[in-house]
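One structure is given here, and the rest of the page talks about it.
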Amino acid sequence: MAAQIWGSEKRARRRREISAKIAQMPELHDSKPLPFMTREEKIMESARKLTILTEKMGQIIDPTDPAELYHLNNEVLGLEGNPMALHGVMFIPALSAQASDEQQAKWLPRALRREIIGTYAQTELGHGTNLQNLETTATYDLATQEFVLHTPQITALKWWPGNLGKSSNYAVVVAHMIIKAKNYGPHPFMVQLRDEKTHEPLPGITIGDIGPKMAYNIVDNGFLGFNKYRIPRTNLLMRHTKVEADGTYIKPPHAKINYSAMVHVRAYMLTGQAIMLASALNIATRYSSVRRQGQIDKSQPEVKVLEYQTQQHRLFPSIARAYAFQFAGAETVKLYEHVLKEMKSGNVSLMADLHALTSGLKSVVTYQTGEGIEQARMACGGHGYSMASYISEIYGVAIGGCTYEGENMVMLLQLARYLVKSAALVKSGQSSKLGPLVAYLGVKSEPTSLIDRIPNSGFTEYVKTFQHVSKRQTLKAADMFFGLMEKGEKREIAWNKCSVELNRASRLHTRLFIVEAFVRRVNEIADIRIKEALTDLLHLHVNYELLDIASYALEDGFLSASQLDYIRDQVYLYLGKIRPNAVSLLDSWEFSDIELRSVLGRRDGNVYENLFKWAKSSPLNKTDVLSSVTQYLKPMMEKARL
Ligand SMILES: CC/C=C\C/C=C\C/C=C\C/C=C\C=C\C(=O)SCCNC(=O)CCNC(=O)[C@H](O)C(C)(C)COP(=O)(O)OP(=O)(O)OC[C@H]1O[C@@H](n2cnc3c(N)ncnc32)[C@H](O)[C@@H]1OP(=O)(O)O
Ligand SMILES: Cc1cc2nc3c(=O)[nH]c(=O)nc-3n(C[C@H](O)[C@H](O)[C@H](O)COP(=O)(O)OP(=O)(O)OC[C@H]3O[C@@H](n4cnc5c(N)ncnc54)[C@H](O)[C@@H]3O)c2cc1C
C-alpha cells in the first residue's frame, strides 16, 4: 500500500531508509517539543537543523530528487516551515521557469549551493489577489540601463512573502514594469535585498517580519519597501519577456506565462495537503483504537471509540479523501511537469487547461483537508485540543493553503471562466472542440442514474452521475450568466451576480476529477489484496461524496429517493467494511513518530503515560509556585482575607 501511496516500491523503500537514517541522527531531532518553544527558539532550532542538513543531506538523500527532499524536510524540519521554505518552494522554481539560460547560469548554482537565500515577493499590503493593481513599480532608466524599484505608498509594501522578513537576502520581486511612461503590467525581477557579508538590508530597502500568525510561525513572512532602489536591466527575468537596452519590449508567448511559479505550487501542494490530512487522521485513528469510553452493549466492557459508527463516519470518509487527493495530486504533478517542458520549448497551448485544473483542485483539496483535520481533532475529544495531539498545528498549516497561491473563491472563479467557455462551445454545437477534461460536457446523459440498477458495473454509473450533476450545474450557471448579458447586463456585473452558482459548478467539476483519478488508480492496481482494500475505500468515497452533493442530482430527478437510500446504506456498509483496515490504511503512509510530532498519535499507542510525561515537561511546571501567583494572585487573596 505504501508503494501505491508514494508512487512505487522504490519510493516507499527509500522513504523508510531515509526515516531510519534520521532516527539514528539525534542532532536532527527537535531538542524539545515544538509547542514548548517560543517563536524565536523555534526559528533558531530550525536554522540549526537546516545547516546540519545542508552539510549532511547527501548522506541521507539524493538531493536532486524533490520527493526525497520533501520527505527529509517533513521529518526533520516539520510542517511549521523553516527559514528557507520559500527558497525551494518558489524562488528556485521561479528562476528555473522564468530566468533566461544566461541568468540561470549566474544565479541558479548559487541558489542550489545555498550561497544565497531567496523568496518570492509578490503580495502587497493592499493587494494580493488582484495582481493588475499591485503598486510596486519598476521604472526603466534608459540613461543607466537600470530599473528603479519603488514603493509609492504604504499599501505598496510587499507583505506576506515567506522568509522575506529576516532570512532571505534575495527575492524574485513582482513589480509593474514601466518603460517610457508605458505600464507593461506585473513582471518578475531578481533583487538583492541584503549585503551578502553582513546580512544588513541594503540602502533603499526597508524590511522586516510581519509578526506571529495562526500557524507557520517558523516562517518569517515579511514586509519590504523600496526607496528608488536600482537594479540592472538584466535583472528582469528574461526567459519569456525581454527588454532591450534601448527600452524595446519583447512580449512573452502567453500573457500569463510569468504566473508559472504560482501554478508550480498549486500543482505540488495537493499531495502536501493529502499528507497533512493523512497525518491528522493517523493520529486520530490510532488514538481512537486506544481510547476506550462507554459501552455499545451494556453487558460488555467499554469499547474503543473507533467502534462507534459516528466516529467511523467522522474519520473514514476523510481517509478516502486523503488517498483520493494523493492520487489526483500525483496525476496533476505529472501534467504540470509535461506542460512545463512544453512551455520551455515554446508550446503554451496547454497552459489554460493546467491553470483551470490546478485552480479548482487547489481550492477543493485545501478546503476539504481543513474540514477533515478539524473533524480528526474533535474525534480525539479533549486530548485533541491539547498541543500534545499536534493536530491544531497541522490544521493551522493546512488551512493556510485556502488562502496562499490564490484565495479559494477567486481560484474557483478562474476555473469557472474555463467552464463557461466550454459551455459556450457545447451550446454552439462545437463539443468536438472541448478539451479532454471537459469532454463530458458535450455528452448526452441518460435520463436517470443507473447506480443501483446495473449489477457489477464497477464505478461507471457513479462517474456518470457525477458527470451529470457537474454538467447540469455548469450549463445552468452559464445559462444564468449568458441570460443576464442578453438582458443587457454588463459582462462583469453579470459575472458577479452568478458567481456563487459558477463556483458551485467549479467545485462539482473538480470533485468529479478527483473521483475519476481515484477510479483510474484503482483500475491500474494488479495486487489483489491492495486492490480490494482500495476498492472498499473507493466505494465509501463515491457514495459519501454523492450523498454530499445529492441535492444537485435530486432536483432534476436524476437520482430518486430510493436511490438515495441505497447510497446511504452503501456508506454504512463500507464504514463497517473499512473498520478492520482503518489503522493500517493510515499506517501505510509510514509516518514516523519523529515526523508526526504527536503524543496522542504515537505508533506504540502508549498514550496516557506519555501525556503525563508531556504535561510534566511543561515550562510552567518547572516550579510549584509561579511568580504570577507570588506577585499578583497571592497578595490579592491575602488582601481579600483581611
Ligand atoms: C514544491 C512545493 C511543494 C509544496 C508546497 C507546499 C506548501 C507551500 C508552503 C507555503 C506557502 C508558500 C508560498 C505561498 C506563496 C504565495 O502565496 S505567492 C502569491 C500567490 N498569489 C496569487 O496566487 C494571486 C492570485 N491571483 C492570480 O493568480 C491572478 O490575479 C488571477 C486571479 C489569476 C487574475 O489574474 P489577472 O488579473 O492577470 O487575469 P486577467 O487579466 O483577469 O485574465 C484572466 C485570464 O488569464 C488566465 N490565466 C490566469 N492565470 C493563468 C495562468 N497561471 N496560466 C494560464 N492562464 C492564466 C485566465 O484563465 C483567464 O483566461 P481567460 O478566461 O481566457 O481570459
Ligand atoms: C501562509 C501564507 C503564506 C504566504 N506566502 C506568500 C509568499 O511567499 N509570497 C507572496 O507573494 N504572498 C504570499 N502570501 C499571500 C497570499 O498569496 C495572499 O494572501 C493570497 O493570494 C490572497 O490574497 P489577499 O490576501 O489579497 O486576499 P483578498 O483578495 O483581499 O481576499 C479577501 C476576500 O475577498 C475575496 N475576493 C477578492 N477578490 C475577489 C474577486 N475577484 N472575486 C470574488 N471574491 C474576491 C476573497 O475571496 C476573500 O474572501 C501568503 C499568504 C499566507 C496566508
Residues satisfying the stated conditions in the range 326-355, i.e. more than 20 Å from the chain's Cα centre (by Cα) and either within 30 Å of S588 (Cβ to Cβ) or among the acidic types (D, E) (or both)
H338, E342
Subset of the range 155-172, residues within 19 Å of E405 (Cα to Cα) and in contact with a Pro (Cβ under 9 Å, 6 or more places away or on another chain), comes to N163, A171, V172
Checked N183, N130, N163 against criteria (open to solvent by 40 Å² or more (accessible area, probe 1.4 Å) and within 14 Å of ligand 2 (Cβ to nearest atom)); the one match is N130
Turns out the helices (runs of 4 or more DSSP H) fully within the range 363-468 with at least 3 residues that are in contact with a helix residue (DSSP H, G or I) (Cβ under 6 Å, 6 or more places away or on another chain) and more than 28 Å from L554 (Cα to Cα) are 391-400
Looking at the range 521-532, is at least one residue farther than 23 Å from A423 by Cβ and open to solvent by less than 20 Å² (accessible area, probe 1.4 Å)?
yes
Flag if A171 is open to solvent by 10 Å² or more (accessible area, probe 1.4 Å) and of a type in the set (A, V, I, L, M, F, W, C):
no
All but one of (1) in contact with an Asp or Glu (Cβ under 9 Å, 6 or more places away or on another chain); (2) open to solvent by 60 Å² or more (accessible area, probe 1.4 Å); (3) part of a helix (DSSP H, G or I) hold for A477, so report the exception by its number.
(2)
Sort out for me the helices (runs of 4 or more DSSP H) sitting completely within the range 1-76 that have 1 or more residues that are at pLDDT 95 or above and within 23 Å of G165 (Cβ to Cβ).
39-60
Selection over the range 196-221 where residues are under 15 Å from N169 (Cβ atoms) and within 20 Å of the chain's Cα centre (by Cα) yields a count of 1
Of I178, I154, which residue is aliphatic (A, V, I, L, M) and surrounded by fewer than 17 Cβ atoms within 10 Å (Cβ to Cβ)?
I154
Name every residue in the range 4-50 that is surrounded by fewer than 19 Cβ atoms within 10 Å (Cβ to Cβ), over 15 Å from L69 (Cα atoms) and under 22 Å from the mean Cα position of the chain (by Cα), in order of residue number.
G7
Within the range 196-240, track down each residue that is open to solvent by less than 50 Å² (accessible area, probe 1.4 Å) and within 14 Å of ligand 1 (Cβ to nearest atom).
I210, K213, A215, N217, I218, V219, D220, N221, G222, L224, H240
Touching a Phe, Trp or Tyr at 6+ places or on another chain (Cβ under 7 Å) and either over 29 Å from R39 (Cβ atoms) or at pLDDT 95 or above (or both): does that describe Y259?
no
Might you let me know whether the range 301-311 holds any residue that is of a type in the set (S, T, Y) and crowded, with 23+ Cβ neighbours inside 10 Å?
no
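The values are calculated or read from the model by the stated rules, or taken from the named source; none is laboratory data. Keep in mind that what you see is a predicted model, and the values were worked out from it rather than measured. Don't worry about glycine lacking a Cβ; one is built from the backbone with ideal geometry, like all the others, and counts go over all protein chains shown. Heavy atoms of the whole protein, side chains included, go into the accessibility calculation; ligands, DNA and RNA do not. Shrake-Rupley method; radii C 1.70, N 1.55, O 1.52, S 1.80 Å.
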